[in-house]
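The values are calculated or read from the model by the stated rules, or taken from the named source; none is laboratory data. Just so it is clear, the model here is predicted, and its values are computed rather than measured. Cβ placement follows ideal geometry from the backbone for every residue including glycine, while neighbour counts extend to all protein chains displayed.
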Amino acid sequence: MRKPLVFSLVREQSIFMMVIVGIMTFLAVLAFGISMSIGTGVVRWNRQWDLFATVQVTNTASIQNVKKIIDENRTKISDIHEISNAEMTELIRPWITDGGGVLQNYLPKMYEIKFKSKSDIRAFNDKISPYARILTHTQALNPSISAGWKMVTISTLVLILIVCAIGICISFIARNTAVLHKRELEILNQVGASDSFVIQQMQIIVTKICTIACAAGFIVALPVLLLILATAHSARLGLMTMMGLSGFGWTVLTLMPVAIIIFAIYITKRTTTDILKNS
């Protein structure tokens, strides 16, 4: 037989707590999902280009030396593409105001190389640096990667603020409930009820409310997050196309509402314990 609750939250408090926890869960799931998506995108983006490098030869007298070094290191190279003058002209066409015939005389000789390992890039760089400039694609894309990690940091800070807000709201409601039910608490103390019994009463109430609120917040946040990811992919722009969540990421995101409920139960226990000690 179920034991009835000795006291509970008043209707206004229940509605307020359910709404605030639901909204906070919605924001927390979005912030956490976006943070993981951007982090996954940065890792995928970096992994995609970390073995690529561009060799640029500005001195025509060094071309033969560069070709010789490339031939000697063929075992370290997975793929190589020599960029022609026509391709170079096409790349810089938006900055050419005339036919660009004179400019072709000053175009550097460029090779796009994919290496088999990062250590091969370092060894190749030591040999080629006296004759040409080598730039890894990771170095060239470093501003984009750095911006991605900054966005992850910002999303994480927002998530921390949201969790803190949830804790503050639950703590305030627990204290307010203790004040409203002060008479009931005095009666419980007089009849010899233990503190753990009172704490359990509050935890049951908070658990029920948070379960409903977290479920609603998660259900609403999920399609919004999917829409954000779909919009990022449709942009077809660099890092954004790499954003996404792995199977592990979706599992962690799904456990986010559970973590919020556990956090709410912990805050309730700690707040109620402090109230009972000081009463």
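Observations on the structure shown:
- In region 264-279, the residues that are out of contact with any Leu (no Cβ under 9 Å at 6 or more places or on another chain) and either crowded, with 17+ Cβ neighbours inside 10 Å or not aromatic (Phe, Trp, Tyr) (or both): Ala264, Ile265, Ile267, Thr268, Lys269, Arg270, Thr271, Thr272, Thr273, Asp274, Lys277, Asn278
- Test result for Val258, surrounded by 14 or more Cβ atoms within 10 Å (Cβ to Cβ) and assigned by TED's automatic domain parsing to the domain that holds Val21: no
- Qualifying residue in region 59-67 (condition: under 30 Å from Thr153 (Cβ atoms), of a type in the set (D, E, K, R) and either assigned to a helix (DSSP H, G or I) or in contact with a Leu (Cβ under 9 Å, 6 or more places away or on another chain) (or both)): no
- Test: residue in region 209-217 that is closer than 30 Å to Ala147 by Cα and either modelled with pLDDT of 80 or more or touching a Cys at 6+ places or on another chain (Cβ under 8 Å) (or both): yes
- Any chance His181 is modelled with pLDDT under 80, of a type outside the set (Val, Ile, Thr) and not assigned by TED's automatic domain parsing to the domain that holds Val19: no
- Neighbours by Cβ (under 8 Å, 6+ apart or cross-chain): first from region 128-146, farther than 11 Å from Trp45 by Cα; second at pLDDT below 80 and of a type in the set (Asp, Glu): Thr136/Asp50
- The C-beta contact set for region 236-254 (first residue assigned to a loop (DSSP other than H, G, I, E, B), second residue at pLDDT 75 or above and of a type in the set (Lys, Arg), distance under 8 angstrom, 6+ apart or interchain) comprises Gly244/Arg44.
- Taking the numbered list (1) closer than 26 Å to Trp45 by Cα; (2) modelled with pLDDT of 80 or more in turn, Asn73 passes all entries but (1).
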